[in-house]
Each structure stands twice: as structure tokens, then as C-alpha cells.
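Only one structure is covered here, and it is reproduced in the block below.
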Amino acid sequence: MADPNVGIYCKNANIQAYAGIKANATAKAVAATDVYVLDVESVINAVTHKNWSDAYAALNVDVKYILMQTAAVRCAMIVIMNDLSGFTSRSEAETMLDVLRDIYVMNIEILKDIKNQEFVVGA
């Protein structure tokens with residue numbers, strides 16, 4: 001099925017890449033990730049206190065890639081949390097979640113920083 005891209009920041013392919021090949025196929029299917037991505041984008045806007053969705057068309061490519069990665073890694077975490085059984089061990093899945101969380105937290109901090117917001121929007 002083609003990705004209708006209901007979200008703004010990322011596509012299903014981005015989410016699948018971060019979730020990995022061992023993630024549950026149903027959890028990383030377009031029908032599921034289309035639900036996750038809309039929720040995640042709203043959370044990113046809320047926690048950064050900036051509506052990136054409304055400003056998206058005017059943003060430069062650097063901030064778009066930060067938003068893409070931030071949304072994709074958070075969605076990938078949801079995919080992995082839905083079913084850990086495909087992973088070699090629980091600790092393998094937990095390590096993936098830890099790495100994705102670290103990327104998400106770092107990116108949220110970049111997006112929240114007013115100086116970074118001014119730089120990435122004005123660049």
C-alpha cells in the first residue's frame with residue numbers, strides 16, 4: 001500500500017527505518033503509523049511551544065529534517081512498544097528504545113531552545 005503521508009513531518013518509510021526490521025509488521029504498517037504520526041506531531045508542537053506544523057512550508061530543510069527524525073524516532077518507539085516479540089531478546093528491544101529516546105530527547109531540546117528556533121527558522 002502506498003504511503004498517503006497523512007502526517008507532515010515524516011512518512012511510514014522513516015518510521016520503519018528507525019523501528020528496524022525486527023519490529024512487528026502490523027505495528028509498522030501504514031494504517032498504524034498514520035495514527036501515531038498525527039499524535040506525535042501534536043506532542044512535538046506542544047512540548048516545544050511552537051506550531052511547527054503551521055510554519056512547515058516556510059521552514060528550511062535543516063529544521064524539516066530535525067522534525068522528521070524527531071517524529072520518526074518517537075513513532076518507532078511506539079511501534080517497538082506494541083510488540084517486543086520479534087526481537088532477539090527483550091534487552092535488544094529495550095536498547096533500541098533507549099537509543100531512540102536519546103535521539104528524541106536531544107532533538108526536542110534543540111527545537112525548544114529559542115536561540116535554535118531563531119537560527120533554524122531564519123536560516
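Looking at region 64-92, which of the residues that are touching a residue at least 60 places away in the same chain (Cβ under 8 Å) and hydrophobic (A, V, I, L, M, F, W, C) is farthest from A13 (Cα to Cα)? If we take residues in region 64-92 being touching a residue at least 60 places away in the same chain (Cβ under 8 Å) and hydrophobic (A, V, I, L, M, F, W, C), then F87 is farthest from A13 (Cα to Cα).
Residues of region 4-14 include at least one that is under 9 Å from the mean Cα position of the chain (by Cα) and in a helix (DSSP H, G or I). Counting only helices (runs of 4 or more DSSP H) wholly contained in region 25-123, the ones carrying 3 or more residues that are within 13 Å of the chain's Cα centre (by Cα) and of a type in the set (V, I, T) occupy 30-48, 61-82, 90-112. Looking only at region 9-56, residues that are over 18 Å from V105 (Cα atoms) and among the aromatic types (F, W, Y) come to 1 in all.
FYI, it's all coordinate maths here, none of it is from the lab. In this text the structure is predicted, and so the values were computed from the model without any measurement. Ideal geometry is used to build each Cβ from the backbone, glycine not excepted, and the neighbour counts take in all protein chains shown.
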